[in-house]
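> I'd like to ask you about the structure that follows.
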Amino acid sequence: MERGIVVEHLCRDFTYYEKDAGMKSSVKNLFHRTQNIRHAVKDISFRIPEGEIVGFLGPNGAGKTTTIKMLSGILYPTSGGVHVNGYIPWERKKAFKKQFAYVAGQKSQLWLNLPAIDSFELNKDIYELSDEEYKKTLDELVSLFGVEEFLRVQVRRLSLGERMKMEMIAALLHRPRVIFLDEPTIGLDFIAQSNIREFLKEYNRKYGATMLLTSHYLKDVEELCRRTMVISHGSLVYDGTLEHIRDIFSDRRVVKVTWDRPVAKEELDGFGAVREWEPLKASLECAAGETTGLIRRLCEAFPAADLEIDAVPLEESIARLYA
C-alpha cells in the first residue's frame, strides 16, 4: 500500500444557474433556466511523500478547499484519481477515516456549550480508542499546548487561540497519519500562530504525519514547508520551493529612498515605476540591470539621506504567479 498522497488529473466542476432580478425573471426561471458550469479544479496532478509538509497557496476561489475536500472524501471529483495512504477517499472506508484529520480554521467540531473534554470523550468513542491510548495521547497533546487548565471550561468562553488549540487536540486524538490544514491560524494573534506552528512541527517530527497546509499567512508556509504548490483558477501553476519563486522574479528590484527635503511625486517621473510615495520617502521598481543607473540618477537629482535595495517581496511574487 503506497503511503502519502497521490493525485492524478483531478477535476471538479460545479453547475449553477443564472437569474435576473425581479418577479418576471423568477416566473421565467420556472420554465427555463440558463445553466453554467464552473471548473473549480482543472486537471491537477501531484504526489506528496509520507511525512512531508506541503504548502498549498492560491487566492480565494482558486480551488484549494475544493481540492482538500476531495482528498478527504467530502466531495466526489468529476474525473481523475486520488489515493491517500492507499485509500480512495470518497469510498469513505472506516479504515481510511481513522487515517486522516481535517482541520479548518473557520469551522468548529467542538460543542460550544460544553467543555472541550466532553468533545474529546466523544471523539474517543467515534474513533474507537482504548482508554489507555486515549489518555496517553490526550496527556501528550495537552502538555504540548499547555491547556490543562482550560479542559473543563465551556468552549464558547475560551479565547480564539485557546479554542483553536482545543480544535487541534480534537482532530489529532486518533493520531492521524495524514492531516489537511485549511487556514488553521486564521484570526489568531502572533503568539497563538507561533504556538500552532511549533506544535505542527513537533507533531510531524514525532509521528511522521503527511500534511497539506493552506494559509493566507505566508509565515505559516515559510516556517513549516520546504515545498509549495500554487493553484490559480483551478490549475496548478507552480510546484517547488518558495526560494525558487523569488528566483523567478529576481529580475526586478525595489529601491527605497529617503530625503531630507520633500520631493514631489511628479519629479520622479522617468526614474522608474513609483510603488509608494510620501514627500520625504518613496520606493521605485526597476529591472535588476538598471538598478545602479537608477540610483546614480536619483542621487544626482535628489541627494538621499538613506537608501535601500530589496528584491520584490515574496508576497508580490506569489501574487504575480496567481496572475
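> Mean-square fluctuation check for the chain, GNM, Cα pairs under 10 Å: which of Val230, Val54, Val274 is largest?
The residue that fluctuates most here is Val274.
> Around Tyr17, what is the net charge, scoring Lys/Arg as +1 and Asp/Glu as -1 over all other residues with Cβ under 15 Å from its Cβ? Walk me through the numbers on the way to the answer.
Values: positive: Lys19, Lys28, Arg33, Arg38; negative: Asp13, Glu18, Asp20.
That works out to +1.
> Turning to a different aspect of this structure: Any idea which of Asn113, Ala95, Asn195 is furthest toward the positive side of the dipole for the stretch 71-197, if Lys and Arg beta-carbons carry +1 and Asp and Glu beta-carbons -1?
Ala95
> To continue, here is another question. In nm, what is the difference between 0.36 nm times the number of residues separating Gln154 and Ala21 and their Cα-Cα distance?
On the way: separation 133, 0.36 × 133 = 47.88 nm, distance 4.46 nm.
Roughly 43.4 nm would be gained on extension.
> In addition: Quick one: Karplus J couplings for the stretch 183-199, per residue in order, coefficients 6.51, -1.76, 1.60, θ = phi - 60°, nearest Hz, x for Gly and Pro?
In residue order, the calculated couplings are 6, x, 10, 4, x, 8, 6, 4, 5, 5, 4, 4, 4, 4, 4, 5, 5 Hz.
> Whenever you get a sec, compute what percent of the accessible area on the chain sits on carbon and sulfur atoms (1.4 Å probe).
On the way: 8580 of 17070 Å².
It is 50 percent, rounded to a whole number.
> Return the subset of Lys64/Lys281; Lys42/Lys135; Lys64/Lys93; Lys19/Lys64; Lys42/Lys93; Lys165/Lys281 for which the Cα-Cα distance in this structure is over 32 Å, preserving the input order. Each step should come with its number before you reach the end.
Working: Lys64/Lys281 39 Å; Lys42/Lys135 44 Å; Lys64/Lys93 24 Å; Lys19/Lys64 27 Å; Lys42/Lys93 26 Å; Lys165/Lys281 43 Å.
Going by Cα-Cα distance, Lys64/Lys281; Lys42/Lys135; Lys165/Lys281 fall outside the 32 Å limit.
> Pick out, from Pro184, Val155, Ala171, the residue whose Cα sits farthest towards the positive end of the charge dipole of the stretch 124-242, with +1 on the Cβ of Lys and Arg and -1 on the Cβ of Asp and Glu.
Working it through, the farthest residue towards the positive pole turns out to be Pro184.
> Sticking with this structure for a sec: Nearest 0.05, what FRET efficiency do His233 and Ser108 give at R0 = 41 Å with Cβ-Cβ as r?
Details: r = 30 Å, r/R0 = 0.73.
Approximately 0.85, to the nearest 0.05.
> Quick check: pseudo-label points 7 Å beyond the Cα along Cα→Cβ at Ile88 and Val274, how many nm apart are they?
Modelled inter-label distance: 6.1 nm.
> So, one more: Please compute the length gained on full extension between Ile191 and Asp139, using 0.36 nm multiplied by the number of residues separating them and subtracting their Cα-Cα distance. Intermediate results must be reported in sequence, preceding the final value.
On the way: separation 52, 0.36 × 52 = 18.72 nm, distance 2.23 nm.
Result: 16.5 nm gained on full extension.
> Right, something else. Sequence-distant or interchain residues sharing an amide H contact under 5 Å with Ala282, placed H: which?
So Ala282 has HN proximity to Val257.
> Right, next: Bins of 10 Å, beginning at zero and ending with the bin holding the largest distance: percent of Cα pairs per bin for the chain, please.
5, 21, 24, 20, 16, 11, 4, 0
> So, with +1 on the Cβ of K and R and -1 on the Cβ of D and E, and no other charges, what is the size of the charge dipole of the chain about its Cα centre, to the nearest 20 debye? Working shown, then result.
Values: 45 positive and 48 negative charges, 260 e Å.
In total the dipole reaches around 1240 debye.
> Which order do peptides 116-127, 88-99 fall in by mean Cβ count within 10 Å, highest first?
On the way: 116-127: 16.8, 88-99: 14.4.
Taking the mean over residues of other Cβ atoms within 10 Å, the ranking is 116-127, 88-99.
> So, one more: Let me know the charge dipole size of the stretch 64-113 about its Cα centre in debye, to the nearest 20, where only the beta-carbon of Lys, Arg (+1) and Asp, Glu (-1) is charged.
Details: 8 positive and 1 negative charges, 24 e Å.
Dipole of the stretch 64-113, to the nearest 20 debye: 120 debye.
> For the stretch 13-25, in order, what is each residue's ³J(HN,Hα) by Karplus, 6.51 cos²θ - 1.76 cosθ + 1.60 with θ = phi - 60°, in whole Hz (x at glycine and Pro)?
Rounded to whole hertz, the list is 10, 10, 9, 8, 10, 8, 8, 7, 6, x, 5, 4, 5.
> Could I ask something else about it? Compute, for the stretch 1-127, the length of the dipole vector about the Cα centre, with Cβ point charges of +1 (Lys, Arg) and -1 (Asp, Glu) only. Units Debye, rounded to 20.
Numbers: 18 positive and 12 negative charges, 83 e Å.
For the stretch 1-127, the charge dipole is close to 400 debye.
The values are calculated or read from the model by the stated rules, or taken from the named source; none is laboratory data. Predicted, not measured: the structure shown is a model, and the values here were computed from it. Cβ coordinates were reconstructed from backbone atoms using ideal geometry, including for glycine residues, and neighbour counts include every protein chain displayed. To get the accessible areas, we keep the full protein, side chains included, count just its heavy atoms, and leave off ligands, DNA and RNA. Shrake-Rupley method; radii C 1.70, N 1.55, O 1.52, S 1.80 Å.
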